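First up is the structure itself, then whatever we jot down about it.
Please treat every number below as a calculation from the coordinates, not as lab data. Please read all numbers here as calculations on a predicted model, not as lab measurements. Quick reminder, even Gly has a Cβ in these numbers, built from the backbone with ideal geometry, and neighbours come from all protein chains shown.
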Amino acid sequence: MKTYIAVDIGASSGRLLLGQKKADQLVIEEVHRFENGFKKEGQHDCWQIDYLIQEIFTGLEKVKARGIKQVTLGIDTWAVDYVLVGDDGQKLSNPISYRDARTTETINKLTSRYSKAYIYEKTGIQFLNFNTLYQLYEEDRALLAKTDKILMVPDYLGYVLTGNSVTEVTNASTTQMLNLREGLFDQQLLEQLQVSQSQFPHLVDAGTYLGKITNKWHRQYDLPECDVITVATHDTASAVVGTPGQGDDWAFLSSGTWSLIGRELTVPENGPMAFKENYTNEWGAYGTYRFLKNIMGLWMVQQVRHDFDDQYSFAEMAQLASQEKPFRQLLDVNHQRFINPTNMTVAIQDYCRETNQIVPESIGQLVNAIYSNLALDYANQIGKLQTITKKPLHQLNIVGGGSNIAYLNQLTSNLAQIKVIAGPGEATALGNILVQMISTKEVADLAAGRALVQQSFALKTYLPETDYPGVLASYQQMLNQEEH
Ligand code: LFR
């Protein structure tokens, strides 16, 4: 029996999961989990990339300690961030986090030359302050001049492990630098950044073989033999692969640090309405597109938890939130002020004070305010998704850690008046493993992979139980007023 390892690193935690196909079931087990986060280094919030590499090896040593001698392995992480590598093959600095303040104003600077509409038409990618396009625009020119390779974070990790470098497309598309029509980096945008095509290793699709872990690491650590496969290296791309949607009337919501809500398309949708609503067309595995929107997500809950000295577990926070009344405040959860505030609790309370709303004080009230407004935004986007793609939706598949929050799932089902299927919580790692299994021919294709997930994991169904007359309309009105 083959053993597959998913290295899945999100902005707040990372894990190694072991997967095997036993009879007609996909069986997974977590072998190692670790914290992740950025730290201030000088002016900037930086990822601790050497620490992440160390944790990958620690996890692989645990695999070997179980007597497993041979595995295949795939790596996925969050998107948009990159590592600059010099001529000597070493990183030139730690990667700066997308939440760093350096790009807050950059969209305006860059779009004074090329309009937003023009960039959108080329790339089909949503305008987020932190896209790689804007990060590279603000990059230290002296460092860029010394840069031999620009590697997206998961490509960098694969490079450190194997010595081989590629640019995998599901993640590369989030740079907002790939040309949709040409399927390559866009020459004009590269020129604007004074970055050359040759600084990016060649583009590859998800499922491409990368190489073996080099002997240097085998001498240093007790590792299994490892064939590294470049999976859908963007965590959201892996999550969508691992989402057990069937037919074409389902939407996905990958619920973690971010909430990524959208639907899978086979042809990108970058028309005027998608542009106006700032929807993105991120490239997926096997010729698909993730037509989606970023919503602030559980980041807000994670930060509030820190404000309360991490004394509550996420389950306790959800329990306390469910005892409060929903919709006591309307918040624009996607406001820039919630991207990286010094204190999230204070940021939420200030917002409520400024807008003359009840100020949430207790942990339950704060978390309820976040859940209520996330659910409102989900419902709002379900409507927009159907309008823009001109196809009805009858089901929302919620995956990721957030799919375990029953209260939030029910709120979402009620507000959007849609059937919610929750789970699996580990869809990202599953998608990572499925791409490996498709590469080794243990699974036939994407549809077969999703069917395997469907039959291997217990999913929960939520049906609308009630509605909240006028609440979604008030939320939409609040957003419209904010825009004007
Ligand atoms: C989710 C995610 C999103 C991306 C954001 C920043 O973990 O990858 O898809 O927009 O993080 O990279």
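Residue check: is residue 28 of a type in the set (A, V, I, L, M) and over 30 Å from residue 441 (Cβ atoms)? So residue 28 fails the test.
Residue count for region 67-87, restricted to those that are away from the ligand (no atom under 15 Å from the Cβ) and either in contact with a strand residue (DSSP E or B) (Cβ under 8 Å, 6 or more places away or on another chain) or part of a helix (DSSP H, G or I) (or both): 9. Candidates in region 88-103 are the residues that are part of a loop (DSSP other than H, G, I, E, B) and farther than 17 Å from residue 201 by Cβ; of these, the one that is farthest from the ligand (Cβ to nearest atom) is 93. Listed by position, the strands (runs of 3 or more DSSP E) inside region 230-308 whose residues that are closer than 29 Å to residue 208 by Cβ, among the polar types (S, T, N, Q) and within 15 Å of the ligand (Cβ to nearest atom) number at least 2 are 250-255, 280-283. The set of residues from region 398-423 being within 20 Å of residue 463 (Cβ to Cβ), under 17 Å from the mean Cα position of the chain (by Cα) and surrounded by fewer than 24 Cβ atoms within 10 Å (Cβ to Cβ) comprises just one member, 423. Kindly indicate whether residue 6 is aliphatic (A, V, I, L, M), within 13 Å of the ligand (Cβ to nearest atom) and either closer than 25 Å to residue 135 by Cα or in contact (Cβ under 8 Å) with a residue 60 or more places away in the chain (or both). For residue 6, the condition - aliphatic (A, V, I, L, M), within 13 Å of the ligand (Cβ to nearest atom) and either closer than 25 Å to residue 135 by Cα or in contact (Cβ under 8 Å) with a residue 60 or more places away in the chain (or both) - is not met. Hey, does region 216-229 have a residue that's touching a Cys at 6+ places or on another chain (Cβ under 7 Å) and either in a strand (DSSP E or B) or more than 16 Å from residue 153 (Cβ to Cβ) (or both)? Scanning region 216-229, I find no residue that is touching a Cys at 6+ places or on another chain (Cβ under 7 Å) and either in a strand (DSSP E or B) or more than 16 Å from residue 153 (Cβ to Cβ) (or both), so the answer is no. Taken over region 431-473, residues that are over 25 Å from residue 9 (Cβ atoms), of a type in the set (S, T, N, Q) and under 22 Å from the mean Cα position of the chain (by Cα) amount to 1.
When the test is whether a residue is surrounded by 17 or more Cβ atoms within 10 Å (Cβ to Cβ) and assigned to a helix (DSSP H, G or I), residue 120 passes it. Looking across region 108-135, just one residue is under 23 Å from the mean Cα position of the chain (by Cα), of a type in the set (A, V, I, L, M) and away from the ligand (no atom under 15 Å from the Cβ), and that is 119. Only one of the listed residues (217, 299, 250) is buried (at least 20 other Cβ atoms within 10 Å of the Cβ) and in contact (Cβ under 8 Å) with a residue 24 or more places away in the chain. That residue is 299. Once region 191-229 is narrowed to residues that are of a type in the set (Gly, Ala, Ser) and away from the ligand (no atom under 16 Å from the Cβ), the residue that is nearest to the chain's Cα centre (by Cα) is 207.
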